[in-house]
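Let me begin by presenting the structure, written as structure tokens, before commenting on it.
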Amino acid sequence: MNILGEYTFVDDLKVTNNMIADFQQHGFVIIRSLFDQEEVNMILKCITENDGFTKELFTLEKGEMKTVRTIWNQPGTDVTGMVARSEKVVNTCEALLGGDVYHYHSKFMLKDAKIAAPHYWHQDYGYWYHNGCLYPDMMTVFVALDPCTKENGCLEILPGSHKCGRIEHTPIDGQFGADKTRVDAIKEKCPLIYAELKPGDAIFFHSNVLHHSSANRSNKRRWAYLMAYNKVSNNPVIEHHHPRYTPLQKVPNSAIKECTNFTDVSGKDFINPCKNESLVDGYKEK
């Protein structure tokens, strides 16, 4: 079994027992070429040629470094929504988590060249636990829109760290990061890997996997599209800034290229932690 759990997308992709075993063992799988270059270009067009997204961007700064992103709760009917609702994404999440899922939220993470700040070691469930999600039956799909390398701050992951349970998260330089002493101890048991990706490659990772990304001081940007999903059976027990169970209407993979909507972002329900005192992805404290 490949320690990276790497697979390559084919049109009739089926989640195999080996893929499920890799996900359970390592906490993630990588699917190469999940999206082809035409699909990647369509996603990029949404952010580069549409002020519906750009006007919702917010910047998180650490000294001279900064990271730009935008977050929304509902998939919508534009190209990004077709991606988030596509069978190759949703069906894979459901097979890996072992049950029906719904869209929890999505975001663009735009780490520009030379100035992009790091994102400290954390678990997504370290945040989502506080949102009334009783179980870590949740995951994120990270899609590379640019080459992601060590040089420009690719994801760094501790394989198998999801088995360590939820780690306490505390304020660190304006973020909420996992307890450093605990992380250092886990690194001894779960050696770090660099998840280097080409555009269109995707990582499906468990909400308890420890991961982070270093600052991008290179001359190459590192943009990514992230989609988060929650199991229907894990419906949050409290209202919070991300949605409780909302039925997810899947679409065939062909719906991505057939979609001509790059501009209508109505109904996506954008959220901005710089305007909201709720804890949003670890950057604001309730």
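Miscellaneous remarks
- Straight-distance crosslink candidates among lysines, where the alpha carbon sits under 21 Å from residue 189 and sequence neighbours closer than 8 are dropped: 163, 180
- Over all pairs of different C-alpha atoms, the range 153-286 has a mean inverse distance whose reciprocal, the Kirkwood radius, equals 18.1 Å.
- Cα gyration tensor category, rounded, prolate or oblate, for the range 84-136 with a/c compared to 1.5: oblate
- Whole-percent carbon and sulfur share, accessible surface of the chain, 1.4 Å: 48 percent
- Added length on full extension, which subtracts the Cα-Cα distance from 0.36 nm per residue, residue 48 to residue 17: 7.3 nm
- Stretching the chain fully between residue 257 and residue 151 yields a gain of 35.0 nm (0.36 nm per residue, less the alpha carbon separation).
- For the range 20-68, dividing the convex hull volume of the Cα atoms by the residue count gives 156 Å³ per residue.
- Rg in Å to one decimal, and Dmax rounded to a whole Å, for the range 93-236 via C-alpha atoms: 14.9, 44
- Placing dummy labels 7 Å off each Cα toward the beta-carbon, the span from residue 269 to residue 235 is 1.4 nm.
- Residue 185 paired with residue 6, simple spin-label distance in nm, labels 7 Å along Cα-to-beta-carbon: 3.3 nm
- Between residue 115 and residue 134, the distance separating the two model label sites (each 7 Å from Cα on the Cα→Cβ line) works out to 4.6 nm.
- Matching label, log10 I(q)/I(0) by the Debye sum over Cα atoms at q = 0.10, 0.13 Å⁻¹ computed from the structure shown, candidates (1) -0.47, -0.84; (2) -0.67, -1.01; (3) -0.57, -0.97: (1)
- Each semi-axis of the equivalent ellipsoid for the range 100-182 is √(5λ) with λ an eigenvalue of the Cα gyration tensor; in descending order they amount to 23, 18, 13 Å.
- If you model the range 1-139 as an ellipsoid using its alpha carbon gyration tensor, with each semi-axis the square root of five times an eigenvalue, the axes come out at 27, 20, 17 Å, biggest first.
The values are calculated or read from the model by the stated rules, or taken from the named source; none is laboratory data. Just so it is clear, the structure is predicted and the values come from calculations on it, not from any experiment. No Cβ is skipped: glycine too gets one built from the backbone with ideal geometry, and neighbour counts run over all protein chains shown. These accessible areas exclude ligands, DNA and RNA; they are computed on the full protein's heavy atoms, side chains included. Shrake-Rupley method; radii C 1.70, N 1.55, O 1.52, S 1.80 Å.
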